[in-house]
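FYI, it's all coordinate maths here, none of it is from the lab. On a predicted model such as this, the values are computed, not experimentally measured, just so you know. With ideal geometry, Cβ positions are generated from the backbone for all residues, glycine too; neighbour counts draw on all protein chains shown.
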Amino acid sequence: MQTYHGSCHCGAVSYTVTGEFTEGMRCNCSHCKRKGFLLAFVPDEQFQLEKGADQETVYRFNKHHIDHTFCKTCGVQSHGHGHDGNGHYMTMINLNCLENFDTSSLKINDFDGASL
Ligand SMILES: [Zn+2]
């Protein structure tokens, strides 16, 4: 697996994540669509916040299953946290926030979150 570095725009929040990211999920729900996410999910163990825990604020909506953490300064949501409904906690990676990562080669999977 590869290790990537991710961050918000201003750099207050940064992290490392390991994984093989060949596909990106594009969700059409009212939230993801607005933010323009390309998402991947990894087990929490593969995610390490480097800095910015105190620079983030959290947005929750609908069933409040997911913590949409975003930078208080620049507003970018580089990652999030939630569970899959079976108690497995996952970290949501916004692939657009990874450094040296080419999103144009991703296989895009459309997810119909708007119908949930
Ligand atoms: Zn920021």
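Only a single item in (1) in contact with a Gly (Cβ under 9 Å, 6 or more places away or on another chain); (2) in a helix (DSSP H, G or I); (3) exposed (fewer than 14 other Cβ atoms within 10 Å of the Cβ) is not met by HIS31, and it is number (3).
Those residues that are on the phi < 0 side of the Ramachandran plot, within 14 Å of the ligand (Cβ to nearest atom) and surrounded by 17 or more Cβ atoms within 10 Å (Cβ to Cβ), I need them from the range 50-76; list them, please.
Step one: of the range 50-76, the residues on the phi < 0 side of the Ramachandran plot are 50-51, 53-61, 63, 65-74, 76.
From what is left, the residues that are within 14 Å of the ligand (Cβ to nearest atom) are 50-51, 53-57, 69-74, 76.
Scanning the range 50-76 gives GLN55, GLU56, THR69, PHE70, CYS71, VAL76.
Does at least one position in the range 39-59 carry a residue that is β-branched (Val, Ile, Thr), in a strand (DSSP E or B) and more than 19 Å from TYR89 (Cβ to Cβ)? Scanning the range 39-59, I find at least one residue that is β-branched (Val, Ile, Thr), in a strand (DSSP E or B) and more than 19 Å from TYR89 (Cβ to Cβ), so the answer is yes. The listed residues are VAL17, VAL42, VAL13, and the only one of them that is crowded, with 16+ Cβ neighbours inside 10 Å, free of Cβ contacts under 8 Å to residues at least 60 places away in the same chain and not hydroxyl-bearing (Ser, Thr, Tyr) turns out to be VAL42. Name the single residue that is nearest to THR69 (Cα to Cα) among those in the range 1-36 being of a type in the set (Phe, Trp, Tyr) and more than 16 Å from the ligand (Cβ to nearest atom). Filtering the range 1-36 for residues that are of a type in the set (Phe, Trp, Tyr) and more than 16 Å from the ligand (Cβ to nearest atom), the one nearest to THR69 (Cα to Cα) comes out as TYR4.
Beta carbons closer than 9 Å, at least 6 apart along the sequence or on distinct chains, pair a first residue in the range 104-115 that is among the β-branched types (Val, Ile, Thr) with a second that is part of a loop (DSSP other than H, G, I, E, B) for ILE108/LEU38. Of all residues in the range 77-93, those that are in a strand (DSSP E or B) and either of a type in the set (D, E, K, R) or surrounded by fewer than 20 Cβ atoms within 10 Å (Cβ to Cβ) (or both) total 5.
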